[in-house]
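A short write-up of the structure that comes next.
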Amino acid sequence: LRNTGEGFAFPSIIVDAADPVALAEGIESATGGARNDDLGDYEVFDRPQRPADVTNLGRIESTPVAIAAVLGCLALLSFAHSVRASSRVSRRSLALLKSLGMGRGSIRSVVTVQTLAPVAVALVVGLPIGVAAGRSAWVALGDRLGIAAGAHVPASLAVFVPVAIVVAAVASLVPARRAARIPAADVLRSE
(Lines give C-alpha, C1' and ligand atoms only; values in the text may rest on other atoms or scores of the structure.)
Protein backbone atom coordinates (compact mmCIF):
# COMPACT_ATOMS: atom_id res chain seq x y z
CA LEU A 1 0.00 0.00 0.00
CA ARG A 2 1.51 3.32 -1.08
CA ASN A 3 0.23 6.82 -0.63
CA THR A 4 1.15 8.60 -3.86
CA GLY A 5 0.00 12.02 -2.66
CA GLU A 6 -3.09 11.81 -4.85
CA GLY A 7 -4.45 8.75 -3.10
CA PHE A 8 -3.49 5.20 -2.37
CA ALA A 9 -1.91 2.91 -4.98
CA PHE A 10 -2.12 -0.87 -4.94
CA PRO A 11 0.43 -2.36 -7.39
CA SER A 12 -1.00 -5.79 -6.63
CA ILE A 13 -2.69 -7.58 -3.79
CA ILE A 14 -2.61 -11.36 -3.65
CA VAL A 15 -4.70 -13.08 -1.01
CA ASP A 16 -5.39 -16.80 -1.12
CA ALA A 17 -9.10 -17.71 -1.14
CA ALA A 18 -10.15 -14.09 -0.70
CA ASP A 19 -13.74 -13.28 -0.01
CA PRO A 20 -14.52 -10.23 -2.22
CA VAL A 21 -16.55 -8.56 0.52
CA ALA A 22 -13.89 -9.18 3.17
CA LEU A 23 -11.20 -7.93 0.79
CA ALA A 24 -13.12 -4.73 0.07
CA GLU A 25 -13.56 -4.19 3.82
CA GLY A 26 -9.81 -4.84 4.36
CA ILE A 27 -8.91 -2.28 1.70
CA GLU A 28 -11.29 0.24 3.25
CA SER A 29 -9.79 -0.28 6.69
CA ALA A 30 -6.20 -0.12 5.32
CA THR A 31 -6.90 3.20 3.62
CA GLY A 32 -8.42 4.77 6.68
CA GLY A 33 -12.05 4.46 5.64
CA ALA A 34 -11.69 5.58 2.02
CA ARG A 35 -14.59 4.44 -0.12
CA ASN A 36 -14.33 2.52 -3.37
CA ASP A 37 -15.02 5.73 -5.32
CA ASP A 38 -11.93 7.34 -3.76
CA LEU A 39 -9.73 4.37 -4.58
CA GLY A 40 -10.58 4.07 -8.26
CA ASP A 41 -11.22 0.76 -9.96
CA TYR A 42 -9.76 -2.44 -8.62
CA GLU A 43 -10.45 -6.06 -9.39
CA VAL A 44 -10.67 -9.09 -7.14
CA PHE A 45 -9.46 -12.38 -8.64
CA ASP A 46 -10.16 -15.90 -7.42
CA ARG A 47 -6.49 -16.83 -7.74
CA PRO A 48 -3.22 -14.92 -8.17
CA GLN A 49 -2.64 -13.60 -11.68
CA ARG A 50 0.38 -12.01 -13.26
CA PRO A 51 0.08 -8.43 -14.46
CA ALA A 52 -0.30 -8.13 -18.23
CA ASP A 53 3.10 -6.42 -18.67
CA VAL A 54 4.88 -9.28 -16.92
CA THR A 55 2.98 -11.87 -18.97
CA ASN A 56 3.86 -10.05 -22.20
CA LEU A 57 7.51 -9.90 -21.15
CA GLY A 58 7.47 -13.66 -20.64
CA ARG A 59 6.12 -14.18 -24.16
CA ILE A 60 9.13 -12.50 -25.75
CA GLU A 61 11.68 -14.23 -23.54
CA SER A 62 13.54 -15.89 -26.44
CA THR A 63 13.67 -12.74 -28.58
CA PRO A 64 16.78 -11.21 -26.96
CA VAL A 65 18.63 -14.50 -27.39
CA ALA A 66 17.71 -14.65 -31.08
CA ILE A 67 18.75 -11.03 -31.60
CA ALA A 68 22.06 -11.67 -29.81
CA ALA A 69 22.71 -14.73 -32.00
CA VAL A 70 22.07 -12.79 -35.22
CA LEU A 71 24.21 -9.86 -34.08
CA GLY A 72 26.96 -12.27 -32.99
CA CYS A 73 27.01 -13.92 -36.43
CA LEU A 74 27.15 -10.50 -38.10
CA ALA A 75 29.99 -9.45 -35.81
CA LEU A 76 31.88 -12.66 -36.57
CA LEU A 77 31.53 -12.17 -40.33
CA SER A 78 32.56 -8.53 -40.02
CA PHE A 79 35.57 -9.49 -37.92
CA ALA A 80 36.70 -12.17 -40.38
CA HIS A 81 36.39 -9.66 -43.23
CA SER A 82 38.40 -7.02 -41.35
CA VAL A 83 41.16 -9.54 -40.58
CA ARG A 84 41.40 -10.50 -44.23
CA ALA A 85 41.35 -6.88 -45.39
CA SER A 86 43.96 -5.75 -42.86
CA SER A 87 46.34 -8.53 -43.86
CA ARG A 88 46.01 -7.46 -47.50
CA VAL A 89 46.66 -3.83 -46.61
CA SER A 90 49.75 -4.71 -44.58
CA ARG A 91 51.28 -6.89 -47.32
CA ARG A 92 54.03 -4.34 -47.98
CA SER A 93 54.94 -4.05 -44.28
CA LEU A 94 55.00 -7.82 -43.88
CA ALA A 95 57.13 -8.21 -47.00
CA LEU A 96 59.56 -5.62 -45.65
CA LEU A 97 59.80 -7.50 -42.34
CA LYS A 98 60.36 -10.71 -44.25
CA SER A 99 63.13 -9.15 -46.33
CA LEU A 100 64.81 -7.96 -43.11
CA GLY A 101 65.05 -11.57 -41.91
CA MET A 102 61.77 -12.39 -40.20
CA GLY A 103 60.79 -16.03 -40.73
CA ARG A 104 57.46 -17.49 -41.77
CA GLY A 105 56.53 -18.41 -38.20
CA SER A 106 57.21 -14.89 -37.02
CA ILE A 107 55.09 -13.42 -39.82
CA ARG A 108 52.23 -15.75 -38.82
CA SER A 109 52.66 -14.61 -35.21
CA VAL A 110 52.50 -10.94 -36.22
CA VAL A 111 49.22 -11.48 -38.10
CA THR A 112 47.79 -13.51 -35.20
CA VAL A 113 48.71 -10.82 -32.66
CA GLN A 114 47.18 -8.15 -34.93
CA THR A 115 44.00 -10.23 -34.92
CA LEU A 116 43.93 -10.89 -31.18
CA ALA A 117 44.63 -7.28 -30.13
CA PRO A 118 41.15 -5.88 -30.95
CA VAL A 119 39.54 -8.95 -29.39
CA ALA A 120 41.48 -8.37 -26.17
CA VAL A 121 40.41 -4.73 -26.09
CA ALA A 122 36.78 -5.74 -26.70
CA LEU A 123 36.91 -8.29 -23.89
CA VAL A 124 38.66 -6.02 -21.40
CA VAL A 125 36.71 -2.83 -22.14
CA GLY A 126 33.55 -3.77 -24.02
CA LEU A 127 32.44 -6.75 -21.95
CA PRO A 128 32.29 -4.92 -18.59
CA ILE A 129 30.56 -1.92 -20.21
CA GLY A 130 28.04 -4.26 -21.86
CA VAL A 131 27.33 -6.08 -18.60
CA ALA A 132 26.87 -2.78 -16.72
CA ALA A 133 24.59 -1.37 -19.44
CA GLY A 134 22.53 -4.55 -19.60
CA ARG A 135 22.16 -4.68 -15.84
CA SER A 136 21.03 -1.06 -15.59
CA ALA A 137 18.59 -1.50 -18.49
CA TRP A 138 17.08 -4.60 -16.86
CA VAL A 139 16.72 -2.85 -13.49
CA ALA A 140 15.06 0.14 -15.22
CA LEU A 141 12.65 -2.22 -16.99
CA GLY A 142 11.87 -3.98 -13.73
CA ASP A 143 11.20 -0.67 -12.00
CA ARG A 144 8.90 0.37 -14.82
CA LEU A 145 6.94 -2.89 -14.59
CA GLY A 146 6.83 -2.74 -10.81
CA ILE A 147 8.65 -6.04 -10.30
CA ALA A 148 11.81 -6.94 -8.45
CA ALA A 149 14.46 -6.99 -11.14
CA GLY A 150 17.37 -8.93 -9.73
CA ALA A 151 19.89 -8.67 -12.55
CA HIS A 152 22.55 -11.35 -12.64
CA VAL A 153 25.38 -12.15 -15.02
CA PRO A 154 24.84 -15.55 -16.65
CA ALA A 155 27.52 -18.18 -16.15
CA SER A 156 27.59 -18.74 -19.91
CA LEU A 157 29.38 -15.39 -20.19
CA ALA A 158 32.49 -17.01 -18.67
CA VAL A 159 32.52 -19.42 -21.63
CA PHE A 160 32.33 -16.51 -24.05
CA VAL A 161 35.82 -15.20 -23.23
CA PRO A 162 37.85 -18.28 -24.29
CA VAL A 163 35.50 -18.90 -27.22
CA ALA A 164 36.10 -15.36 -28.50
CA ILE A 165 39.87 -15.85 -28.26
CA VAL A 166 39.74 -19.21 -30.06
CA VAL A 167 37.47 -17.80 -32.80
CA ALA A 168 39.86 -14.89 -33.32
CA ALA A 169 42.83 -17.24 -33.51
CA VAL A 170 41.02 -19.46 -36.01
CA ALA A 171 40.01 -16.41 -38.06
CA SER A 172 43.68 -15.44 -38.31
CA LEU A 173 44.88 -18.84 -39.58
CA VAL A 174 44.25 -18.36 -43.31
CA PRO A 175 45.44 -14.72 -43.49
CA ALA A 176 48.53 -15.61 -41.43
CA ARG A 177 49.35 -18.52 -43.72
CA ARG A 178 48.92 -16.32 -46.80
CA ALA A 179 51.05 -13.57 -45.27
CA ALA A 180 53.82 -16.07 -44.48
CA ARG A 181 53.87 -17.22 -48.12
CA ILE A 182 54.20 -13.71 -49.54
CA PRO A 183 57.18 -13.50 -51.89
CA ALA A 184 58.87 -10.44 -50.42
CA ALA A 185 60.76 -9.47 -53.56
CA ASP A 186 57.63 -9.49 -55.75
CA VAL A 187 55.59 -7.40 -53.30
CA LEU A 188 58.35 -4.83 -52.78
CA ARG A 189 59.04 -4.61 -56.53
CA SER A 190 55.34 -3.92 -57.30
CA GLU A 191 55.16 -1.22 -54.63
Just to be sure before I move on: is Val131 without any contact (Cβ under 8 Å) to a residue 60 or more places away in the chain, in a helix (DSSP H, G or I) and within 30 Å of Ala52 (Cβ to Cβ) in the structure I sent? yes
Could you grab me the full set of residues in the stretch 61-109 that are open to solvent by 90 Å² or more (accessible area, probe 1.4 Å) and outside any helix (DSSP H, G or I)? Glu61, Leu100
Residue selected from the stretch 137-148 under the condition open to solvent by 70 Å² or more (accessible area, probe 1.4 Å) and of a type outside the set (D, E, K, R), by the criterion modelled with the lowest pLDDT: Ala148
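One line per residue, one yes/no per condition, for (1) of a type in the set (Val, Ile, Thr); (2) open to solvent by less than 50 Å² (accessible area, probe 1.4 Å):
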site: Gly150; (1), (2): no, no
site: Val159; (1), (2): yes, no
site: Ala164; (1), (2): no, yes
site: Val174; (1), (2): yes, no
Hey, does the stretch 121-128 have a residue that's more than 16 Å from Ser82 (Cα to Cα) and in contact (Cβ under 8 Å) with a residue 12 or more places away in the chain? yes
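The values are calculated or read from the model by the stated rules, or taken from the named source; none is laboratory data. Remember, it's a predicted structure, so these values are computed and weren't measured experimentally. FYI the Cβ positions are ideal-geometry reconstructions off the backbone, even for glycines, and counts take in every protein chain you see. Protein only, heavy atoms only, side chains kept; ligands, DNA and RNA dropped before computing areas. Shrake-Rupley method; radii C 1.70, N 1.55, O 1.52, S 1.80 Å.
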